[in-house]
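Heads up: the structure comes next, in structure tokens.
Bear in mind these aren't lab numbers, they're just calculated from the coordinates by the rules spelled out. Quantities reported herein were computed from a predicted structural model and do not represent experimental measurements. So basically every Cβ, Gly included, is an ideal-geometry build from the backbone, and we count neighbours across all protein chains shown.
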């Protein structure tokens with residue numbers, strides 16, 4: 001238990017880790033005898049304060065690309081209040097959110113292709129495929145049905161367009177995020193215009 005408490009690293013708030021470490025290391029507790037009054041004792045409070053002061057706060061996790069972000073903090077120096085900005089490593093979730101925004105913002109090339117792709121939202125087995133390569137579909141049309149955890153999930157087209165790059169067949173396993181097909185709005189599929197006979 002002491003080893004586990006020593007490995008804890010909690011920053012930003014006052015914790016009772018030092019108190020618990022002091023209590024578990026106290027001779028009375030180690031011997032398993034009745035420890036009347038030890039929790040409220042000055043001796044335990046002093047040891048808890050020493051252990052707390054000896055444990056430095058954890059360093060914030062740095063972002064992979066070294067980016068920093070500012071955080072406004074109010075400090076008091078000599079009885080005067082100052083608002084300062086502290087630069088801290090950007091948390092990993094901020095980079096993830098930025099990438100998602102960039103993907104959804106559109107643009108050409110890979111961004112456009114990503115917008116046209118229909119991906120499996122889950123791992124499962126393809127029960128049926130309701131479209132074929134080159135079919136024209138409207139938004140909401142069922143493309144295929146995937147069974148996951150005994151439930152049938154309809155995968156629908158997110159836009160009007162032409163089905164290309166169909167990669168699944170009935171009975172096949174699919175993974176989360178796997179591209180099922182592309183619903184292209186560029187007007188061509190297999191070398192023909194939509195609606196052309």
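Listed from fewest to most Cβ neighbours within 10 Å, the set 130, 83 follows the order 83, 130.
Classify segment 1-40: rounded, prolate or oblate, from the alpha-carbon gyration tensor (a ≥ b ≥ c, eigenvalue square roots; a/c under 1.5 rounded; otherwise prolate if a/b is larger than b/c)? Walk me through the numbers before you get to the answer.
On the way: a/c = 5.00, a/b = 1.82, b/c = 2.75.
Note, shape of segment 1-40 comes out oblate.
Counted by neighbouring Cβ atoms within 10 Å, the residues 166, 87 run from fewest to most as 87, 166. Shown for 144, 181: other C-beta atoms within 10 Å of each C-beta, ranked fewest to most, produce the order 144, 181.
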